[in-house]
Amino acid sequence: MKKQLPALLAALLITGVITLVMFVTSANALLNNNGSDNSSSTTSNSNTAVLTSASQDQINQLQTRVNEYAQREQQYQQREQQYQQALQADQQKLQHASDQVLQIKQLLFELQARGLIQVQGNGTIMITGRSGN
C-alpha cells in the first residue's frame, strides 16, 4: 500500500505535465500570427516556383545517385557471382584432393595388410619387400 500512493502521485503529476504541454502547444498554434493568409499568395506562388526549381534539382541529383547505387549493386552482384563460381571450383578441387587422400590411405592399408610395408609409430614407412600371399 505504501508503494501505490507514490506511484499514483507520480502518474497524476506526469499526466498533468503532459496536459499542460498540450494546452500550451494548442494555444500557441491558435494564436500564431505566422500562418498563411490570402494577402501573401502571390509571394507564395513565386516562392513555390523557386522551391519547385530547387526541388527538381534535388530530385535530379537524387535520381542520379539512385542510378549510381543501382550500377554499384549490379557490380556487386556480378562480383558475388564470380566469388560463388570460384568457391564452387575450390570445393571441387578440395573434394578431388580428399578423394586422392582416401585412395592413398587405402593403398597404404592394403600394402601394409599384405606385408609389403610397415608403418612405424613415428609415421615413417619401411618397405619390407615380402608378400603376405
State whether one or more residues within the range 50-57 are hydroxyl-bearing (Ser, Thr, Tyr) and at pLDDT 95 or above. no
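Among the residues of the range 115-125, count how many are open to solvent by 80 Å² or more (accessible area, probe 1.4 Å) and modelled with pLDDT of 90 or more.
At the first step, the residues of the range 115-125 found to be open to solvent by 80 Å² or more (accessible area, probe 1.4 Å) are 121-122, 125.
Next cut, modelled with pLDDT of 90 or more only: 122.
Matching residues across the range 115-125 total 1.
Rundown of residues vs (1) modelled with pLDDT under 90; (2) open to solvent by 80 Å² or more (accessible area, probe 1.4 Å); (3) more than 49 Å from the chain's Cα centre (by Cα), yes/no style:
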{"residue": "THR64", "(1), (2), (3)": "no, no, no"}
{"residue": "GLN75", "(1), (2), (3)": "no, yes, no"}
{"residue": "ASP99", "(1), (2), (3)": "no, no, no"}
{"residue": "ARG130", "(1), (2), (3)": "yes, yes, yes"}
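The values are calculated or read from the model by the stated rules, or taken from the named source; none is laboratory data. A quick note: this is a predicted structure, and the numbers were derived from the prediction, not measured. Surface areas here come from the heavy atoms of the whole protein model, side chains and all, with no ligands, DNA or RNA. Shrake-Rupley method; radii C 1.70, N 1.55, O 1.52, S 1.80 Å.
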